[in-house]
Amino acid sequence: MAEATKPKRHRRPKYSAAPLVTLPDEEDMGPALRACTPKQRCFVLELKVGPAGYGSEIRAIKAAGYGSPTSSDLSMRVMASQVLHNEKVQSALKEVGSRTIRAEAFQSIKNTVAIANDLTHRDCLKANLALMDRGGFAVETVHHVAVEHSTRVVVATEEVLERIRALAAKAGLDVAGLPPMIEGTCDAE
């Protein structure tokens with residue numbers, strides 16, 4: 001009896017491939033985004049604006065105009081990976097992402113203030129401490145370091161000095177110029 005093969009499962013696309021963005025004028029773009037091709041620019045902006053999650057890169061690559069209507073999901077996934085790993089696209093993603101973070105920072109501050117003012121919120125104390133820390137009222141720590149210098153002079157014995165004088169004389173050096181033997185230790189302050 002032959003094994004029954006399961007029919008290939010065809011998943012419905014999770015997201016529509018319809019473009020969500022229109023390219024802005026070049027003077028409104030940063031240098032990294034300007035360095036990209038128009039399709040790469042569209043891909044970067046589609047990733048920024050479009051939905052996040054499984055399939056978002058494929059949706060963005062389709063919306064940017066890559067591939068053809070008959071391109072398989074596998075080939076679109078490969079194209080998305082190649083475009084995502086392009087150095088110019090990486091720089092543009094970083095540029096667009098940092099702009100987004102800076103723009104959204106004020107909303108984050110407002111949210112933190114709202115949590116700090118809600119005494120029933122479980123993170124009220126954390127929000128207040130975070131605001132104090134970033135508002136110039138951080139906890140100050142002081143460190144005191146004491147450094148002591150001590151130098152111990154190791155003095156050679158007469159036997160060692162005699163051997164040094166003998167070697168110096170053998171090499172033809174002036175033995176009278178050698179320092180005299182000093183005994184004891186010296187502590188520097």
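All of the numbers you see were taken from the coordinates with simple rules; none came from a lab. On a predicted model such as this, the values are computed, not experimentally measured, just so you know. FYI the Cβ positions are ideal-geometry reconstructions off the backbone, even for glycines, and counts take in every protein chain you see.
Angle between the Cα long axis of helix 87-117 and the longest principal axis of the chain, 0 to 90 degrees, nearest 10?
Taking the Cα atoms of the chain, the angle to 87-117 is about 90 degrees.
Pairing the Cα long axis of helix 158-170 with the longest principal axis of the chain, what angle in degrees results, from 0 to 90 and rounded to the nearest 10?
90
Tell me the angle of helix 38-49 to the major Cα principal axis of the chain, expressed in degrees between 0 and 90 and rounded to the nearest ten.
90
With θ set to phi - 60°, apply the Karplus curve 6.51 cos²θ - 1.76 cosθ + 1.60 along the range 56-61 and write out the HN-Hα couplings as whole Hz, x wherever there is a Gly or Pro.
With the stated coefficients, the range 56-61 comes to 5, 5, 5, 4, 5, 5 Hz.
Going by average Cβ density within 10 Å per residue, which order do the peptides 42-51, 25-34 take, highest to lowest? Mind showing how you got there, number by number?
Values: 42-51: 21.3, 25-34: 12.7.
Those peptides, ordered most packed to least, come out 42-51, 25-34.
Would you list, by chain and number, the aspartates and glutamates whose Cα falls below 13 Å from the Cα of LYS170, excluding same-chain residues fewer than 8 positions away?
Counting by Cα, and skipping residues close in sequence, LYS170 has these aspartates and glutamates nearby: GLU162.
Sorted by mean Cβ packing within 10 Å, highest first, what order do the peptides 102-115, 138-151 take? Before the final figure, lay out the partial values.
Values: 102-115: 11.4, 138-151: 5.8.
Output ranking for 102-115, 138-151: 102-115, 138-151.
With each run of n ≥ 4 DSSP H residues scored as -39500 (n - 2.57), what mean residue ellipticity at 222 nm is computed for the chain after dividing by its residue count and rounding to the nearest 500 deg cm²/dmol?
Numbers: 7 runs with 91 residues, N = 189.
Per the formula, -15500 deg cm²/dmol.
What share of Cα pairs, in percent, lie more than 22 angstrom apart in the range 14-142?
Values: 4248 of 8256 pairs.
In whole percent, the share of Cα-Cα pairs in the range 14-142 beyond 22 Å is 51.
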